[in-house]
1. How high is the FRET efficiency from residue 324 to residue 385, r the C-beta distance, R0 22 Å, rounded to 0.05?
2. Expressed as a whole number of Å, what is the distance separating the alpha-carbon centroids of the stretch 301-334 and the stretch 55-86?
3. Before anything else, pin down the relative contact order of the stretch 146-306: Cα pairs under 8 Å, at least 6 apart, normalised by residue count, whole percent.
4. Relative contact order (percent) for the stretch 235-343, with alpha-carbon contacts under 8 angstrom and 6 or more residues of separation?
5. Quick one: 100, 59, fewest Cβ neighbours within 10 Å first, how do they rank?
6. What Kirkwood Rh does the stretch 146-306 have if only Cα atoms enter the pairwise 1/r average? Answer in Å.
7. Go through the stretch 89-95 residue by residue and turn each phi into a ³J(HN,Hα) via Karplus (6.51, -1.76, 1.60, θ = phi - 60°); whole Hz please, and just put x for glycine and proline.
8. Taking amide H positions as placed 1.01 Å from N in the peptide plane, with prolines and chain starts having none, which residues 5 or more places from residue 323, or on another chain, fall under 5 Å of its amide H?
Amino acid sequence: MKPYVVIGAGPMGLCTVRRLAEKGINVLGLEAHSDVGGLWDIDSPTSTMYDSAHLISSKRMTEFEDFPMREDVATYPRHDQLKRYFQDYATHFDLYKHYKFNCWVERVEPLNGEWRVIYRCDERQYEVIAAGVLLANGTLHEPMQAQFKGQFDGEQMHSSSYRSADVFADKRVLIIGCGNSGCDIAVDAVHRAKHVDMVVRRGYYFLPKFVAGKPTDTLGGKLRLPNWLKQRIDGTLVRLISGKPSSYGLPDPDYKMYESHPVINSLFLHHIGHGDITVRPSISSLTAEGADFSDGTKGHYDLILHATGYKLHYPFIDRLHLNWKGDAPQLYLNVFNPLHPNLFVMGMVEAAGLGWQGRDEQAKLVAHVVHLQQTAPRTAEAFFSRVKAKSGQRIDGGMHYLPLERMAYYVHKADYLSALSTEMHELATST
Ligand SMILES: Cc1cc2nc3c(=O)[nH]c(=O)nc-3n(C[C@H](O)[C@H](O)[C@H](O)COP(=O)(O)OP(=O)(O)OC[C@H]3O[C@@H](n4cnc5c(N)ncnc54)[C@H](O)[C@@H]3O)c2cc1C
């Protein structure tokens with residue numbers, strides 16, 4: 001049997017390979033780096049990690065449920081502990097044997113219902129004809145670049161290439177963007193830079209990592225409240241715990257809680273409150289020495305760091321095969337492709353608290369569908385009529401997510417998991 005090719009050995013690729021192999025499916029994993037772990041391996045040429053990065057969600061909310069992290073691992077482990085965790089995972093489930101490492105996938109093209117996969121390992125080009133392809137090459141690699149008028153003569157970098165706070169030593173620094181990475185990096189910069197300014201264009205909900213000694217994302221329990229009630233209760237709680245952003249000189253959010261990804265950081269507001277980080281409004285123009293801001297003020301900098309996020313990027317395949325419309329491929333459950341029943345986009349899913357277990361649930365369903373394609377083709381065909389009918393549907397649980405590019409593949413965690421499990425159940429009962 002021709003193999004199913006999985007691109008990537010990050011958390012998503014690993015659980016995908018595991019679930020396919022468990023079903024007895026011939027699987028070939030191709031990974032650009034020399035080991036597993038995805039972006040959590042800071043030494044990988046594709047990693048966007050930085051020295052100080054730790055989990056933002058807590059370990060029990062993030063780990064694979066049937067492979068818990070050791071008790072002695074911190075609640076919010078550092079990236080190197082996670083790299084070890086994924087190495088242990090791959091060893092435990094015997095996944096290394098399925099992978100070829102140091103192999104970059106360069107091209108994926110359809111070929112009479114199958115796929116030609118062209119890849120390069122150590123300067124040699126190879127080709128494999130695959131029964132199916134599963135793209136698990138990650139969503140946080142390709143920088144989203146903001147465009148500004150004017151030109152800055154100093155140093156500029158995107159957070160994707162930021163590694164260590166040494167880069168800030170004795171510099172006047174401007175950080176653009178106030179997402180989770182931007183806030184982490186600003187906190188790093190405070191200890192090394194001459195001073196740190198940060199451009200914050202819109203309001204965010206800021207949460208500390210712990211409340212009353214418990215990881216913040218474990219509060220609230222499993223009780224499912226209507227969106228409006230949860231948003232109101234949690235919005236009020238955040239206000240009580242962190243205060244109004246405007247009391248720190250930050251814009252207040254003009255949207256409800258959970259309509260965008262919150263910032264989880266215990267130190268960012270602390271440093272603003274101590275005058276270590278100066279908040280700036282949007283940039284009206286870059287200048288040779290720094291930037292002019294929309295409130296008429298000016299700043300002079302040595303380094304401008306763009307923490308402007310990432311965009312989806314599948315450079316080895318034509319977009320038309322991905323049913324790409326607007327900012328993202330339009331796929332059923334963010335995975336299943338209405339144009340090609342044997343092409344799956346794995347891990348193109350973001351939600352507060354989805355963790356790697358949510359990704360594993362996705363992998364289990366995909367492996368089940370691939371298995372049905374081989375053993376019960378009629379059931380698989382019926383499933384793909386649903387895929388065609390529903391590929392434009394978004395699982396937002398009725399939330400009005402902000403119309404941002406990075407929110408284009410955001411889902412409502414509880415509804416997403418429930419949709420995966422409903423499909424699994426329907427497939428099980430219809431065979
Ligand atoms: C600083 C930071 C903090 C984060 N914190 C959290 C958190 O707290 N909780 C959470 O759930 N998520 C967090 N994330 C999100 C993170 O993306 C996921 O945890 C997870 O790593 C996604 O797994 P993945 O396997 O989809 O992608 P990745 O981990 O990005 O792995 C993709 C793999 O594909 C390989 N690859 C790419 N292109 C090719 C190619 N052409 N050929 C062969 N191989 C290729 C790469 O080398 C890589 O190994 C964080 C991300 C960052 C950057």
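1. It comes to 0.55.
2. Here the two parts' Cα centres lie 27 Å apart.
3. Working: 276 pairs, mean separation 63.7, N = 161.
About 40 percent, as a whole number.
4. On the way: 69 pairs, mean separation 11.0, N = 109.
Computed over the stretch 235-343, the figure is 10 percent.
5. Taking fewest neighbouring Cβ atoms as first place, the list is 100, 59.
6. Taking every pair of different Cα atoms in the stretch 146-306, averaging 1/r and inverting gives 16.8 Å.
7. In residue order, the calculated couplings are 4, 5, 5, 4, 9, 6, 9 Hz.
8. Distant-sequence amide H within range of residue 323: zero hits.
Rule-based calculations on the coordinates, nothing more; no lab input. Please read these numbers as outputs of a predicted model, since none were measured by experiment. All Cβ positions, even for glycine, are placed from backbone atoms using ideal geometry, and neighbour counts span all protein chains on display.
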